[in-house]
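Undergrad: Have a look at this one before I ask anything.
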Amino acid sequence: MKEKKNTQEKFKTMIGGQALIEGIMMRGPDKQSIVVRSKGELVEKVEDIPSAKDRKAILRWPLIRGVVNFGASMISGVKALMYSAEVSADEEELTEEPQSKLDAWLEKKLGSEKFMQAAIYVAVAMGFVFAVALFFLLPIELGNLFQRLTDCGLVVQHLFEGVLRIVIFVLYMFLISRMKDMKRVFSYHGAEHKTIRCYEAKLPLTVENVRRQTRLHPRCGTSFLFVVMILSILLFTVVSYALNAWIPALAQLQSTNKVVYNLLMMVIKIFVMLPLVVSISYEINRFVGRHDNWFTRALTAPGMWFQHFTTNEPDDSMIETAIRALELVIPEQEGTDLW
């Protein structure tokens with residue numbers, strides 16, 4: 001499946017987006033926009049966002065900023081998703097389903113604003129736990145089972161875990177891409193990419209110009225996730241091997257009590273190695289975003305290929321939504337959004 005569309009990039013922008021329910025979020029250097037189509041009309045919401053320079057210096061350090069930015073992106077993404085769900089829903093749908101007693105009690109105790117904030121953080125936490133359980137805990141546990149059955153070495157075990165993690169991820173994304181509701185979300189995802197491509201080609205933001213662009217983009221979050229998956233194979237293998245070599249007690253534990261050893265390694269992988277993988281992947285993503293050569297194209301190739309599943313061709317109304325969302329965050333001073 002080769003995308004034969006216009007990809008004449010004139011510059012690289014730091015503006016990025018996220019597909020929502022019947023809408024799109026765009027995040028620029030100083031503003032974030034959410035544009036949702038409801039009953040044929042575009043509902044717009046624009047917010048100022050704090051600059052990365054306003055954060056404490058330590059939070060801007062390499063290998064720390066990746067985790068910070070990833071967490072912030074998850075929170076803002078969930079907020080935007082919940083807002084789009086609320087705006088795009090029909091009024092009849094909102095009134096048909098009564099509020100549960102638990103929701104009513106929490107809203108009364110916390111207040112509507114605090115209740116919404118609590119719901120967002122709970123949703124982020126649940127999403128994180130689900131992702132860790134499905135893409136990390138499950139492969140680790142199956143890797144441990146594979147090691148016990150085959151008595152293989154650490155390298156083979158971690159290669160098995162890594163390949164299994166990628167297979168689970170690809171299968172999961174393929175299955176949800178077949179869902180009817182997700183097909184429209186992925187079409188908005190395609191509209192987001194096409195619009196940014198048009199902007200980076202320095203063409204007027206018209207439906208016709210956007211439609212001609214490719215729906216694949218190298219700086220998409222899909223590429224980032226693939227880097228996380230592949231890097232985790234390498235890092236988990238190297239670190240686990242090094243720990244066994246440097247800490248004799250750990251190697252002894254592996255031979256005497258594999259259950260405790262596997263549990264300890266699972267904790268190390270999730271709470272120590274996983275944040276490190278995310279941080280390194282973030283730095284790789286920044287590097288790839290600033291350069292265009294055979295090496296960076298090779299790094300983004302798996303993610304670009306996978307975008308054939310996570311993006312669909314949008315209709316004109318979706319493109320109009322994406323154009324408006326992008327227009328709202330383009331900085332007044334040209335060039336301040338360079339990647």
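The values are calculated or read from the model by the stated rules, or taken from the named source; none is laboratory data. What you are looking at is a predicted structure, and each value in this text was computed from that prediction instead of being measured. Don't worry about glycine lacking a Cβ; one is built from the backbone with ideal geometry, like all the others, and counts go over all protein chains shown. What goes into the accessible areas is simple: the full protein's heavy atoms, side chains included, and nothing from ligands, DNA or RNA. Shrake-Rupley method; radii C 1.70, N 1.55, O 1.52, S 1.80 Å.
Undergrad: In nm, to one decimal, how far is the Val267 label point from the Asp30 one, both placed 7 Å along Cα→Cβ?
TA: About 4.7 nm, to one decimal.
Undergrad: What number in nm² do you get for the range 239-339 if you take the convex hull of its Cα atoms and divide its surface by four?
TA: Answer in nm², one decimal: 11.3.
Undergrad: Using only helices, what value at 222 nm comes out for the chain when you add -39,500 (n - 2.57) per DSSP H run of length 4 or more and divide by the total residues, to the nearest 500 deg cm²/dmol?
TA: One gets -21000 deg cm²/dmol as the mean residue ellipticity at 222 nm.
Undergrad: Taking 18 Å as the cut-off for C-alpha to C-alpha distance, list the pairs among Lys12/Lys202; Lys12/Lys194; Lys10/Lys194; Lys31/Lys79; Lys10/Lys202; Lys45/Lys79 that go past it.
TA: In this structure, not one pair exceeds 18 Å between Cα atoms.
Undergrad: Now for a different question. Using Cα pairs under 8 angstrom and six or more residues apart, how large is the relative contact order of the chain, in percent?
TA: Relative contact order comes out at 31 percent.
Undergrad: Could I ask something else about it? Could you calculate the contour length gain from Val163 to Phe11, that is, 0.36 nm times the residue separation minus the distance between their Cα atoms, to one decimal place in nm?
TA: Full extension from Val163 to Phe11 adds 51.2 nm.
Undergrad: Please give the contour-minus-distance gain from Leu142 to Asp316: 0.36 nm per residue of separation, less the Cα-Cα distance, rounded to one decimal in nm.
TA: Between Leu142 and Asp316, full extension yields an extra 58.1 nm.
Undergrad: May I pose another question? Answer with one residue from Ala242, Gly190, Tyr261: the one whose Cα lies farthest towards the positive end of the charge dipole of the chain, charges on Cβ with Lys, Arg +1 and Asp, Glu -1.
TA: It is Ala242, whose Cα lies furthest towards the positive end.
Undergrad: Can you tell me the length gained on complete extension of the stretch Glu86 to Glu47, counting 0.36 nm per residue apart and subtracting the Cα distance?
TA: Working it through step by step, the gained length comes to 12.3 nm.
Undergrad: Oh, and also: Using Cα atoms only, what is the angle between the long axis of helix 138-150 and the major principal axis of the chain, expressed in degrees (0 to 90) to the nearest 10?
TA: 30
Undergrad: Measuring with a 1.4 Å probe in the full set of protein chains, what accessible area per residue, in whole Å², belongs to the range 127-228?
TA: 44
Undergrad: Report, in debye and to the nearest 20, how large the dipole of the chain comes out about its Cα centre when Lys and Arg carry +1 and Asp and Glu carry -1 on their Cβ.
TA: Charge dipole of the chain: 1260 debye, to the nearest 20.
Undergrad: Semi-axes of the chain's equivalent ellipsoid from the Cα gyration tensor, sqrt of 5 times each eigenvalue, largest first, rounded to whole Å?
TA: Output for the chain: semi-axes of 37, 26, 20 Å.
Undergrad: Next question. Report the Rg/Rh value for the range 231-297, based on alpha-carbon coordinates and the Kirkwood definition of Rh.
TA: 1.16
Undergrad: I've got another one for you. Tell me, what ³J(HN,Hα) does each residue in the range 285-302 have, in order and in whole Hz, if you take phi through Karplus 6.51 cos²θ - 1.76 cosθ + 1.60 with θ = phi - 60° and put x for Gly and Pro?
TA: Values per residue, Gly and Pro as x: 4, 5, 5, 4, x, 9, 10, 9, 8, 4, 5, 5, 5, 5, 5, 8, 4, x Hz.
Undergrad: Restricting to the chain, compute how many DSSP beta bridges are antiparallel as a %, nearest 5.
TA: The answer is about 95 percent antiparallel.
Undergrad: If you average the alpha carbon positions of the range 168-241 and of the range 257-296, how far apart do those two centres end up, in angstrom?
TA: 20
Undergrad: Could you check how much of the accessible area of the chain is carbon and sulfur, as a whole percent, using a 1.4 Å probe?
TA: Here it works out to 64 percent.
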